[in-house]
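Engineer: Quick one: the structure is below, and I'll ask about it shortly.
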Amino acid sequence: MKKKEWANIARSRKWVEIGNQCTADYLNCVLTYADEMHKFYFEHVEGKRVWSVVLRVGSIIFFTAALILTLTIGYTDDANEFLVLTMNIAALAIASTLLLVDRQFGFSEGWMRYTQAQFEIEKVVSEYHAQLISIEILQKEGEEIRKLQIDTIVNFDKSLRIIVIDETSNWSTYLRNQINILTTKVDSELAKARQKLEQTRVQMATKKKEANYEKERSKRKGVLIITFNYQNIKSGNLIVDGTQYIIKSMQNDKVIDGLPQRIHIVTGIIKLAESEIPFERAIKIVDGINELVIG
(Lines give C-alpha, C1' and ligand atoms only; values in the text may rest on other atoms or scores of the structure.)
Protein backbone atom coordinates (compact mmCIF):
# COMPACT_ATOMS: atom_id res chain seq x y z
CA MET A 1 0.00 0.00 0.00
CA LYS A 2 1.31 3.43 -0.91
CA LYS A 3 2.49 5.82 1.73
CA LYS A 4 -0.05 8.56 0.81
CA GLU A 5 -2.98 6.18 1.18
CA TRP A 6 -1.82 5.23 4.65
CA ALA A 7 -1.37 8.87 5.62
CA ASN A 8 -5.05 9.67 4.97
CA ILE A 9 -6.92 6.79 6.52
CA ALA A 10 -9.38 9.11 8.32
CA ARG A 11 -10.06 12.01 5.93
CA SER A 12 -10.17 9.70 2.92
CA ARG A 13 -13.39 8.17 4.28
CA LYS A 14 -16.81 9.57 3.45
CA TRP A 15 -18.17 10.86 6.72
CA VAL A 16 -21.80 11.81 7.44
CA GLU A 17 -22.84 15.44 7.15
CA ILE A 18 -22.89 17.31 10.45
CA GLY A 19 -25.55 20.02 10.63
CA ASN A 20 -23.86 22.08 13.35
CA GLN A 21 -20.75 23.89 12.05
CA CYS A 22 -18.90 23.75 15.38
CA THR A 23 -19.49 20.03 15.61
CA ALA A 24 -18.36 19.59 12.00
CA ASP A 25 -15.19 21.59 12.67
CA TYR A 26 -14.47 19.47 15.74
CA LEU A 27 -14.85 16.30 13.67
CA ASN A 28 -12.46 17.71 11.04
CA CYS A 29 -9.89 18.47 13.76
CA VAL A 30 -10.15 14.94 15.13
CA LEU A 31 -9.81 13.43 11.65
CA THR A 32 -6.78 15.61 10.93
CA TYR A 33 -5.20 14.55 14.23
CA ALA A 34 -5.88 10.88 13.45
CA ASP A 35 -4.20 11.21 10.02
CA GLU A 36 -1.21 13.08 11.44
CA MET A 37 -0.61 10.51 14.18
CA HIS A 38 -1.06 7.60 11.81
CA LYS A 39 1.32 9.23 9.32
CA PHE A 40 3.89 9.79 12.08
CA TYR A 41 3.90 6.13 13.11
CA PHE A 42 3.89 4.94 9.48
CA GLU A 43 6.88 7.11 8.50
CA HIS A 44 8.96 6.19 11.54
CA VAL A 45 8.17 2.49 11.79
CA GLU A 46 10.12 1.65 8.63
CA GLY A 47 13.40 3.05 9.99
CA LYS A 48 13.01 1.15 13.24
CA ARG A 49 12.15 -2.03 11.34
CA VAL A 50 15.26 -1.77 9.14
CA TRP A 51 17.61 -1.09 12.09
CA SER A 52 16.01 -3.88 14.12
CA VAL A 53 16.50 -6.41 11.32
CA VAL A 54 20.07 -5.27 10.58
CA LEU A 55 21.17 -5.35 14.24
CA ARG A 56 19.51 -8.66 15.09
CA VAL A 57 20.63 -10.44 11.92
CA GLY A 58 24.15 -9.09 12.51
CA SER A 59 24.13 -10.35 16.10
CA ILE A 60 22.95 -13.79 14.93
CA ILE A 61 25.74 -13.94 12.32
CA PHE A 62 28.47 -13.05 14.82
CA PHE A 63 27.01 -15.35 17.48
CA THR A 64 26.96 -18.21 14.98
CA ALA A 65 30.57 -17.42 14.05
CA ALA A 66 31.50 -17.54 17.73
CA LEU A 67 29.86 -20.95 18.10
CA ILE A 68 31.75 -22.27 15.07
CA LEU A 69 35.04 -20.91 16.45
CA THR A 70 34.28 -22.57 19.79
CA LEU A 71 33.88 -25.93 18.05
CA THR A 72 37.16 -25.49 16.15
CA ILE A 73 39.26 -24.69 19.23
CA GLY A 74 39.65 -28.39 20.06
CA TYR A 75 41.11 -29.06 16.60
CA THR A 76 43.47 -26.07 16.57
CA ASP A 77 47.18 -26.38 17.23
CA ASP A 78 48.79 -24.52 20.12
CA ALA A 79 50.29 -21.87 17.84
CA ASN A 80 46.87 -20.72 16.59
CA GLU A 81 44.78 -21.43 19.69
CA PHE A 82 45.26 -17.94 21.13
CA LEU A 83 44.21 -16.37 17.81
CA VAL A 84 41.05 -18.50 17.63
CA LEU A 85 40.17 -17.66 21.24
CA THR A 86 40.66 -13.96 20.52
CA MET A 87 38.43 -14.16 17.43
CA ASN A 88 35.82 -16.06 19.45
CA ILE A 89 35.72 -13.41 22.17
CA ALA A 90 35.64 -10.63 19.56
CA ALA A 91 32.66 -12.24 17.77
CA LEU A 92 30.75 -12.60 21.04
CA ALA A 93 31.57 -9.01 21.99
CA ILE A 94 30.30 -7.69 18.64
CA ALA A 95 27.10 -9.76 18.89
CA SER A 96 26.50 -8.49 22.42
CA THR A 97 27.18 -4.89 21.34
CA LEU A 98 24.68 -5.12 18.47
CA LEU A 99 21.97 -6.38 20.83
CA LEU A 100 22.87 -3.65 23.33
CA VAL A 101 22.50 -0.98 20.63
CA ASP A 102 19.10 -2.42 19.65
CA ARG A 103 17.91 -2.43 23.26
CA GLN A 104 19.31 0.99 24.08
CA PHE A 105 17.79 2.77 21.07
CA GLY A 106 14.64 0.64 21.14
CA PHE A 107 14.55 -0.27 17.45
CA SER A 108 12.80 -3.63 17.85
CA GLU A 109 10.63 -2.36 20.68
CA GLY A 110 9.69 0.76 18.68
CA TRP A 111 8.95 -1.32 15.61
CA MET A 112 6.40 -3.35 17.57
CA ARG A 113 4.89 -0.33 19.36
CA TYR A 114 4.56 1.80 16.23
CA THR A 115 3.02 -1.04 14.24
CA GLN A 116 0.51 -1.69 17.02
CA ALA A 117 -0.28 2.03 17.28
CA GLN A 118 -1.07 2.15 13.54
CA PHE A 119 -3.46 -0.78 13.84
CA GLU A 120 -5.13 0.74 16.91
CA ILE A 121 -5.71 4.07 15.14
CA GLU A 122 -7.12 2.31 12.08
CA LYS A 123 -9.41 0.25 14.33
CA VAL A 124 -10.70 3.28 16.22
CA VAL A 125 -11.29 5.32 13.02
CA SER A 126 -13.26 2.46 11.53
CA GLU A 127 -15.35 1.88 14.67
CA TYR A 128 -16.35 5.53 15.13
CA HIS A 129 -17.01 5.93 11.44
CA ALA A 130 -19.47 3.09 11.77
CA GLN A 131 -21.08 4.66 14.86
CA LEU A 132 -21.65 7.99 13.09
CA ILE A 133 -23.22 6.18 10.15
CA SER A 134 -25.51 4.31 12.58
CA ILE A 135 -26.58 7.60 14.10
CA GLU A 136 -27.41 8.97 10.65
CA ILE A 137 -29.50 5.92 9.90
CA LEU A 138 -31.60 6.57 13.04
CA GLN A 139 -32.79 9.80 11.33
CA LYS A 140 -33.40 11.65 14.54
CA GLU A 141 -33.87 15.40 14.46
CA GLY A 142 -33.10 18.46 16.54
CA GLU A 143 -30.95 18.70 19.61
CA GLU A 144 -31.06 14.99 20.37
CA ILE A 145 -29.18 13.92 17.23
CA ARG A 146 -26.69 16.76 17.54
CA LYS A 147 -26.03 15.74 21.14
CA LEU A 148 -25.54 12.13 20.06
CA GLN A 149 -23.18 13.24 17.29
CA ILE A 150 -21.02 15.40 19.53
CA ASP A 151 -20.83 12.69 22.23
CA THR A 152 -19.71 10.16 19.64
CA ILE A 153 -17.05 12.51 18.24
CA VAL A 154 -15.81 13.28 21.77
CA ASN A 155 -15.44 9.58 22.49
CA PHE A 156 -13.70 9.20 19.12
CA ASP A 157 -11.26 11.96 20.02
CA LYS A 158 -10.59 10.50 23.48
CA SER A 159 -9.92 7.04 22.09
CA LEU A 160 -7.39 8.38 19.58
CA ARG A 161 -5.56 10.40 22.18
CA ILE A 162 -5.51 7.51 24.66
CA ILE A 163 -3.73 5.39 22.04
CA VAL A 164 -1.04 8.03 21.54
CA ILE A 165 -0.75 8.76 25.27
CA ASP A 166 -0.43 5.07 26.14
CA GLU A 167 2.18 4.54 23.45
CA THR A 168 4.13 7.59 24.61
CA SER A 169 3.88 6.43 28.23
CA ASN A 170 5.16 2.98 27.28
CA TRP A 171 7.99 4.55 25.30
CA SER A 172 8.92 6.80 28.24
CA THR A 173 8.91 3.85 30.64
CA TYR A 174 10.98 1.77 28.26
CA LEU A 175 13.50 4.56 27.68
CA ARG A 176 13.75 5.25 31.42
CA ASN A 177 14.36 1.58 32.15
CA GLN A 178 17.00 1.35 29.42
CA ILE A 179 18.76 4.44 30.76
CA ASN A 180 18.72 2.98 34.29
CA ILE A 181 20.04 -0.36 33.03
CA LEU A 182 22.78 1.33 31.02
CA THR A 183 23.68 3.62 33.93
CA THR A 184 23.87 0.67 36.31
CA LYS A 185 26.01 -1.28 33.85
CA VAL A 186 28.32 1.67 33.24
CA ASP A 187 28.68 2.30 36.98
CA SER A 188 29.38 -1.38 37.57
CA GLU A 189 31.95 -1.55 34.78
CA LEU A 190 33.50 1.70 35.98
CA ALA A 191 33.84 0.29 39.51
CA LYS A 192 35.42 -2.86 38.12
CA ALA A 193 37.75 -0.79 35.96
CA ARG A 194 38.80 1.30 38.94
CA GLN A 195 39.42 -1.82 41.01
CA LYS A 196 41.39 -3.38 38.17
CA LEU A 197 43.35 -0.16 37.72
CA GLU A 198 44.23 -0.09 41.42
CA GLN A 199 45.28 -3.74 41.34
CA THR A 200 47.41 -3.08 38.26
CA ARG A 201 48.96 -0.04 39.92
CA VAL A 202 49.83 -2.06 43.02
CA GLN A 203 51.24 -4.89 40.91
CA MET A 204 53.34 -2.48 38.86
CA ALA A 205 54.62 -0.78 42.01
CA THR A 206 55.47 -4.18 43.53
CA LYS A 207 57.22 -5.32 40.35
CA LYS A 208 59.15 -2.06 40.18
CA LYS A 209 60.19 -2.44 43.79
CA GLU A 210 61.26 -6.04 43.19
CA ALA A 211 63.12 -5.03 40.04
CA ASN A 212 64.95 -2.28 41.91
CA TYR A 213 65.75 -4.70 44.71
CA GLU A 214 67.12 -7.27 42.26
CA LYS A 215 69.08 -4.57 40.50
CA GLU A 216 70.63 -3.38 43.74
CA ARG A 217 71.18 -6.94 44.85
CA SER A 218 72.98 -7.78 41.61
CA LYS A 219 75.43 -4.99 42.34
CA ARG A 220 76.34 -6.44 45.73
CA LYS A 221 79.54 -8.45 46.14
CA GLY A 222 79.62 -12.04 47.27
CA VAL A 223 81.83 -13.78 49.84
CA LEU A 224 83.54 -17.06 48.97
CA ILE A 225 84.61 -19.48 51.69
CA ILE A 226 86.94 -22.20 50.35
CA THR A 227 87.36 -25.23 52.57
CA PHE A 228 90.32 -27.58 52.03
CA ASN A 229 89.59 -31.21 52.86
CA TYR A 230 93.21 -32.25 53.34
CA GLN A 231 95.38 -33.07 56.32
CA ASN A 232 98.82 -31.57 57.00
CA ILE A 233 98.74 -28.82 54.39
CA LYS A 234 102.19 -27.31 54.13
CA SER A 235 101.40 -24.48 51.73
CA GLY A 236 99.69 -23.60 48.50
CA ASN A 237 98.17 -20.93 46.41
CA LEU A 238 94.98 -20.26 44.52
CA ILE A 239 93.96 -17.79 41.83
CA VAL A 240 90.52 -16.17 41.49
CA ASP A 241 89.94 -13.60 38.72
CA GLY A 242 93.66 -13.18 38.22
CA THR A 243 94.29 -12.48 41.89
CA GLN A 244 96.60 -14.90 43.68
CA TYR A 245 96.01 -15.90 47.28
CA ILE A 246 98.52 -17.73 49.48
CA ILE A 247 97.56 -20.81 51.46
CA LYS A 248 99.58 -21.08 54.66
CA SER A 249 100.64 -24.15 56.52
CA MET A 250 97.84 -25.99 58.28
CA GLN A 251 95.28 -23.55 56.84
CA ASN A 252 92.04 -25.41 56.21
CA ASP A 253 89.98 -22.61 54.68
CA LYS A 254 90.25 -19.34 52.84
CA VAL A 255 87.83 -16.41 52.81
CA ILE A 256 87.68 -14.16 49.75
CA ASP A 257 85.26 -11.24 49.69
CA GLY A 258 84.26 -8.59 47.17
CA LEU A 259 83.54 -11.01 44.33
CA PRO A 260 81.08 -9.93 41.64
CA GLN A 261 77.96 -12.04 41.16
CA ARG A 262 78.83 -14.33 38.26
CA ILE A 263 80.66 -17.61 37.55
CA HIS A 264 84.28 -17.66 38.71
CA ILE A 265 87.07 -20.13 37.98
CA VAL A 266 89.16 -21.08 41.01
CA THR A 267 92.56 -22.70 40.26
CA GLY A 268 95.57 -23.50 42.45
CA ILE A 269 97.92 -26.01 44.01
CA ILE A 270 97.90 -27.49 47.49
CA LYS A 271 101.22 -28.78 48.76
CA LEU A 272 101.05 -31.66 51.19
CA ALA A 273 103.94 -33.40 52.98
CA GLU A 274 104.51 -35.89 50.19
CA SER A 275 102.63 -34.55 47.17
CA GLU A 276 101.17 -31.56 45.34
CA ILE A 277 97.52 -31.49 44.34
CA PRO A 278 96.43 -29.12 41.60
CA PHE A 279 92.76 -28.17 41.39
CA GLU A 280 90.37 -26.19 39.22
CA ARG A 281 86.79 -25.47 40.12
CA ALA A 282 83.96 -23.33 38.78
CA ILE A 283 81.51 -21.66 41.15
CA LYS A 284 78.65 -19.24 40.70
CA ILE A 285 78.89 -16.37 43.15
CA VAL A 286 75.63 -14.87 44.41
CA ASP A 287 74.81 -12.27 47.03
CA GLY A 288 75.83 -13.43 50.48
CA ILE A 289 78.10 -16.28 51.52
CA ASN A 290 79.15 -18.95 48.99
CA GLU A 291 80.99 -22.13 49.93
CA LEU A 292 83.43 -24.24 47.90
CA VAL A 293 84.93 -27.50 49.16
CA ILE A 294 88.18 -28.74 47.63
CA GLY A 295 89.34 -32.25 48.31
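Engineer: Regarding the range 76-86, can at least one residue be identified that is over 22 Å from the mean Cα position of the chain (by Cα), loosely packed, with under 12 Cβ neighbours inside 10 Å and among the aliphatic types (A, V, I, L, M)?
Structural biologist: Yes: the range 76-86 contains one or more residues that are over 22 Å from the mean Cα position of the chain (by Cα), loosely packed, with under 12 Cβ neighbours inside 10 Å and among the aliphatic types (A, V, I, L, M).
Engineer: Given the options 31, 27, name the one that is buried (at least 17 other Cβ atoms within 10 Å of the Cβ), part of a helix (DSSP H, G or I) and modelled with pLDDT of 80 or more.
Structural biologist: 31
Engineer: Among (1) at pLDDT below 70; (2) surrounded by 17 or more Cβ atoms within 10 Å (Cβ to Cβ), which single condition is residue 92 missing?
Structural biologist: (1)
Engineer: Are any residues in the range 67-109 among the β-branched types (Val, Ile, Thr) and touching a residue at least 60 places away in the same chain (Cβ under 8 Å), and if so, which ones? Full working, then the answer.
Structural biologist: Quick first cut of the range 67-109, residues among the β-branched types (Val, Ile, Thr) only: 68, 70, 72-73, 76, 84, 86, 89, 94, 97, 101.
None; the set is empty.
Engineer: Now, a different point. Taking the criterion of being surrounded by 15 or more Cβ atoms within 10 Å (Cβ to Cβ), at pLDDT 75 or above and not in a helix (DSSP H, G or I), would at least one residue in the range 148-155 satisfy it?
Structural biologist: no
Engineer: Considering 280, 291, which residue is charged (D, E, K, R), in a strand (DSSP E or B) and either free of Cβ contacts under 8 Å to residues at least 12 places away in the same chain or within 30 Å of residue 215 (Cβ to Cβ) (or both)?
Structural biologist: Just one listed residue meets the conditions, 291.
Engineer: So which residues in the range 95-139 are among the basic types (Lys, Arg) and exposed (fewer than 14 other Cβ atoms within 10 Å of the Cβ), if there are any at all?
Structural biologist: Of everything in the range 95-139, just one residue is among the basic types (Lys, Arg) and exposed (fewer than 14 other Cβ atoms within 10 Å of the Cβ), namely 123.
The values are calculated or read from the model by the stated rules, or taken from the named source; none is laboratory data. Just so you know, these numbers come straight off a predicted model, no measurement behind them. Using ideal geometry, Cβ is built from the backbone for each residue, glycine included, and neighbour counts are taken over all protein chains shown.
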